[in-house]
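Please see the structure below; I have some questions.
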Amino acid sequence: HPKWEGWAIVDEHRVAGTALHNDAFLDASVRRFYRKHYWDPIEGDALPRRVATVVFDWAVHSGVDRATRALQQLVGVAVDGDLGPKTIDAVMRFADISVASRLLEERRSFLTTLVEQKPSLEVFRSGWANRMNGLEQEILA
């Protein structure tokens, strides 16, 4: 995100040749950014952990709207891109592992379709597969 406040800090570290992972302010800035732009819009605190994990990852990598709509489609509510009480209530009617697993399947399908529609994205396929496999291990833990 080009307007993220942390870029100035990253640039300072780059010029100084110092490690980014030791900067508490930068870490806090990253956390605030992801919370504001991804976690809060997907109502991550209101969703079961497994579901929130998959929706959050999808939101970060493909947009909040796409992730929200995929979840709404899956749980059978109006697909409007607004993750509100109706979507959350619908999610809660299912086992969290079931929703998270099925959503992960949808995400894999979405990524496969992307590559089929735009073959130049093939270069990302194995990385995406690794991400999905890691996410699957996380939700099964």
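The values are calculated or read from the model by the stated rules, or taken from the named source; none is laboratory data. Predicted, not measured: the structure shown is a model, and the values here were computed from it. Ideal geometry is used to build each Cβ from the backbone, glycine not excepted, and the neighbour counts take in all protein chains shown. Just so you know, the surface numbers come from the protein's heavy atoms only, side chains and all, with ligands and any DNA or RNA stripped out. Shrake-Rupley method; radii C 1.70, N 1.55, O 1.52, S 1.80 Å.
Could you list, ordered by first residue, the pairs with Cβ atoms under 6 Å in which the first is in the stretch 104-126 and surrounded by 10 or more Cβ atoms within 10 Å (Cβ to Cβ) and the second is basic (Lys, Arg) and part of a helix (DSSP H, G or I), at least 6 apart or interchain?
VAL115/ARG125
Quick one: count up the residues across the stretch 44-56 that are within 26 Å of ALA129 (Cα to Cα) and open to solvent by 20 Å² or more (accessible area, probe 1.4 Å).
5
Something else: Can you tell which of VAL15, VAL55 is in a helix (DSSP H, G or I) and in contact (Cβ under 8 Å) with a residue 24 or more places away in the chain?
Matching residue, one of VAL15, VAL55: VAL55.
Looking at TYR38, TYR34 in this structure, which one is assigned to a helix (DSSP H, G or I) and crowded, with 19+ Cβ neighbours inside 10 Å?
Step by step, each of TYR38, TYR34 is checked, and only TYR38 is assigned to a helix (DSSP H, G or I) and crowded, with 19+ Cβ neighbours inside 10 Å.
Keeping to the stretch 19-31, report how many residues are charged (D, E, K, R) and open to solvent by less than 80 Å² (accessible area, probe 1.4 Å).
The total comes to 2.
Another question about this same structure. Starting from the stretch 71-95, take each residue that is free of Cβ contacts under 8 Å to residues at least 60 places away in the same chain and at positive phi and list its partners that are open to solvent by 60 Å² or more (accessible area, probe 1.4 Å) and not in a loop (DSSP other than H, G, I, E, B), counting only C-beta distances under 7 angstrom and pairs at least six apart or across chains.
Matching pairs, first to second residue: GLY81/ASP65; GLY81/ARG69.
Assess whether LEU74 counts as being hydrophobic (A, V, I, L, M, F, W, C) and part of a helix (DSSP H, G or I).
yes
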